Amino acid sequence: GRGREKVVEGVCRGVIIRELKGMQGFGYDPLFLDAASGLTFAEMDAGHKNSISHRSRAIQELKKILPEFIACSTSSMVSRT
């Protein structure tokens, strides 16, 4: 609906390291060390990385709220017509 928005956030804790580690991925993957696993994103297979990334976690949060958000938006559109 007009003027309605929801914000979700995904967080993956880790640190930026100085030396490149791993051969997978792209961009910062060889420099981002995941705190939970102790591996850089470039050391992980794509499936594991994608399941724990900040983007994946944000999508998981979005999935939780999206059905209700759509239902409310749809019902408010119907009541306006």
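The values are calculated or read from the model by the stated rules, or taken from the named source; none is laboratory data. Everything numeric here is computed off the predicted structure, so don't read it as measured data. Note that we place each Cβ from the backbone using ideal geometry, even for glycine, and neighbour counts take in every protein chain shown.
Among the residues of the range 1-24, how many are of a type in the set (A, V, I, L, M) and surrounded by 14 or more Cβ atoms within 10 Å (Cβ to Cβ)?
Residues meeting the conditions: 1.
Kindly list the number of the only condition in (1) at pLDDT below 95; (2) in contact with a Phe, Trp or Tyr (Cβ under 9 Å, 6 or more places away or on another chain) that fails for GLY3.
Answer for GLY3: the failing condition is (2).
Could you go through the range 52-60 and let me know if any residue there is in contact with a Leu (Cβ under 6 Å, 6 or more places away or on another chain), modelled with pLDDT of 95 or more and not aliphatic (A, V, I, L, M).
Among the residues of the range 52-60, not one is in contact with a Leu (Cβ under 6 Å, 6 or more places away or on another chain), modelled with pLDDT of 95 or more and not aliphatic (A, V, I, L, M), which makes the answer no.
Going through the range 25-76 one residue at a time, which ones are outside any helix (DSSP H, G or I) and buried (at least 16 other Cβ atoms within 10 Å of the Cβ)?
GLY25, ASP29, PRO30, LEU31, PHE32, LEU33, ASP34, LEU39, THR40, MET44, SER53
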